[in-house]
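Participant: Handing you this structure, nothing more for now.
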Amino acid sequence: MRRLLLVLAIVAATGAVNPAALDPRNPTCPEKPDWGMAKAMTLTPAEKGGKHVLIADGIIDARLPIRLKAALEADERIEEIWLKSRGGDATAGNLAGKVIRSFPGMLTRIPAGWTCFSSCNFVFMGGDRRLVEPGGVFMVHMFTHTGDRDVIEISVDEGTEETTRLIGEIEQASALLASEDNDFLIRMGISRKLLTEVMYRQQAVATKENPSTRYCLNQEEVSKYNVMPLEQAD
């Protein structure tokens, strides 16, 4: 009994029993996600738990697919890719996922405490085998082509015709990206319901009434949508 109390006291003192604070605006997600460096993604080989892994940390840039392919070809011992990213270039994320899939048996991992957000989701889903550790964060959102408010305001100021043109461009770009996302999920063996039931259900832009724009899947959900195949988790 004394030993048990001592263990509990040590755990409490180190804060290990306290879960990460949740974001009041996005209550399924941590308030302060560890989604890596605010610079172009670095690719660093490392030894972790007896495995030779590639740590992918940072923002997904347009050249990531080329750099990732070169890194994997240069080191045949790499057996896992560990991801930590706030996202970045959507097209590059899809292409990087396809690069990973071209290496049979490669496992992608989101370690406990790390966050993989936005286009990082698609890099992660490229793994033949995929693992979101308990405490790892697979964070999704609804893509948006309306992030540049200055462009929108200028279009509105220029009148109805210019605003209509901009809306048409946004609709076309959104339809193309949605089609690409669907195709990607089919190729990677992920349930398309991840898009229709989760990603596309999120608001693209926060409102005063509902500030939520992100959603973090729990362990049951990453299995439900085959983000993490149950039979391949280790």
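The values are calculated or read from the model by the stated rules, or taken from the named source; none is laboratory data. Remember, predicted model here, so these are calculated numbers, not experimental data. Don't worry about glycine lacking a Cβ; one is built from the backbone with ideal geometry, like all the others, and counts go over all protein chains shown. Accessible surface areas use protein heavy atoms only, side chains included; no ligands, DNA or RNA. Shrake-Rupley method; radii C 1.70, N 1.55, O 1.52, S 1.80 Å.
Participant: Summing Lys, Arg as +1 and Asp, Glu as -1, what charge do residues with Cβ under 11 Å from the Cβ of CYS29 carry, CYS29 excluded?
Facilitator: Once positives and negatives cancel, what remains is +1.
Participant: Please report the net charge: other residues with Cβ closer than 12 Å to the Cβ of GLU221, K and R +1, D and E -1.
Facilitator: Result for the neighbourhood of GLU221: 0.
Participant: Give me the mean projected area, in nm² to one decimal, of the convex hull enclosing the Cα positions of region 93-143.
Facilitator: For the Cα atoms of region 93-143, the hull's average projected area reads 3.2 nm².
Participant: I need the P(r) histogram for region 24-95: all alpha carbon pairs, bin width 10 Å from 0 out to the longest distance, whole percents.
Facilitator: The calculated distribution, bin by bin, is 19, 44, 28, 8, 1.
Participant: Further question: On the accessible surface of region 52-91, probed at 1.4 Å, how many percent belong to carbon and sulfur atoms?
Facilitator: That share works out to 53 percent.
Participant: Ordering LEU95, LEU54 from largest to smallest accessible area (1.4 angstrom probe), what's the sequence? Show your work: numbers first, answer last.
Facilitator: Details: LEU95 85, LEU54 0 Å².
The ordering from most to least exposed comes out as LEU95, LEU54.
Participant: Here's a follow-up. Just reorder GLU133, GLU79, GLU209 by solvent-accessible area, largest first, 1.4 Å probe, all chains present.
Facilitator: GLU209, GLU79, GLU133
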